[in-house]
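A short write-up of the structure that comes next.
The values are calculated or read from the model by the stated rules, or taken from the named source; none is laboratory data. Given the structure is predicted, the values throughout are model-derived calculations rather than measurements. Backbone-built Cβ (ideal geometry, glycine too); neighbour counts: all protein chains shown. Calculation scope for accessible area: heavy atoms of the full protein, side chains included, ligands and nucleic acids excluded. Shrake-Rupley method; radii C 1.70, N 1.55, O 1.52, S 1.80 Å.
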Amino acid sequence: MQKLNEMDLTRIALAKIAQTNAARSDIATLGATMVKDLTGNQDKLAKLVSAHAITLAPKPSAANQKIIDRMQHLHGASFDRAYIRYLWRDDARMKPILESGIAGSKNADLTKLATDTQTLLAAYEAQLK
């Protein structure tokens, strides 16, 4: 849950930047979609953890904040390249985490959230090809 929260927080911040800094209109549009989708994900995750007295981080980790800060200073094609590269690497990192969560969770709501997140990530990846 913590890693999903971290992914959502970081991607929401980067997607907001994409809306203004991207050269490609498809990336800017995807940014708007990701903000909406992943904010919904965050709401669902917050409801899930509230029942278990788990506290989620309210902001991205220091390492991810550095990435966000660096990306804020990129514009146009250089932003697009860095953003796509980040998303591909993050997808590769998150896929096994989500698969493990789906396979090992006894919580049906958490399994559904992880499955829905996998679907979102696959849709985002397909839009960037």
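Scan (1) without any contact (Cβ under 8 Å) to a residue 12 or more places away in the chain; (2) assigned to a loop (DSSP other than H, G, I, E, B) for the single condition residue 66 breaks and write down its number.
(2)
Scanning region 67-79 for residues that are closer than 20 Å to residue 38 by Cα and not β-branched (Val, Ile, Thr), which turns out least open to solvent (accessible area, probe 1.4 Å)? Show your work before the answer.
The initial filter retains those residues of region 67-79 that are closer than 20 Å to residue 38 by Cα, namely 67-69, 71-72.
Going one step further and asking which of them are not β-branched (Val, Ile, Thr), we end up with 69, 71-72.
Numbers: 69: 65, 71: 0, 72: 93 Å².
Top of the filtered list is 71.
Of the conditions (1) closer than 19 Å to residue 6 by Cα; (2) open to solvent by less than 90 Å² (accessible area, probe 1.4 Å); (3) among the polar types (S, T, N, Q), residue 55 clears all except one; give me its number.
So the condition that residue 55 fails would be (2).
Filter region 17-27 down to residues that are over 14 Å from residue 87 (Cα atoms) and assigned to a helix (DSSP H, G or I) and give me whichever is most open to solvent (accessible area, probe 1.4 Å).
Looking at the filtered set, the residue picked out is 20.
Please pick out the residue among 9, 48 that is of a type in the set (A, V, I, L, M) and farther than 25 Å from residue 129 by Cα.
Numbers: 9 fails: farther than 25 Å from residue 129 by Cα.
It is 48.
So that you can scan it fast, the table gives a plain yes or no per residue for (1) outside any helix (DSSP H, G or I); (2) surrounded by fewer than 16 Cβ atoms within 10 Å (Cβ to Cβ); (3) touching an Asp or Glu at 6+ places or on another chain (Cβ under 8 Å):
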site	(1), (2), (3)
83	no, no, no
116	no, yes, no
121	no, no, yes
125	no, yes, yes
129	yes, yes, no
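Test residue 14 against the stated conditions and say whether it is touching a residue at least 60 places away in the same chain (Cβ under 8 Å), assigned to a helix (DSSP H, G or I) and either among the aliphatic types (A, V, I, L, M) or open to solvent by less than 10 Å² (accessible area, probe 1.4 Å) (or both).
Yes: the conditions hold for residue 14.
Considering only residues that are of a type in the set (A, V, I, L, M) and either closer than 25 Å to residue 77 by Cβ or open to solvent by 10 Å² or more (accessible area, probe 1.4 Å) (or both), which ones fall in region 28-49? Walk me through it before giving the result.
Going residue by residue through region 28-49, those that are of a type in the set (A, V, I, L, M) are 28, 30, 32, 34-35, 38, 45-46, 48-49.
Hits for region 28-49 are 28, 30, 32, 34, 35, 38, 46, 48.
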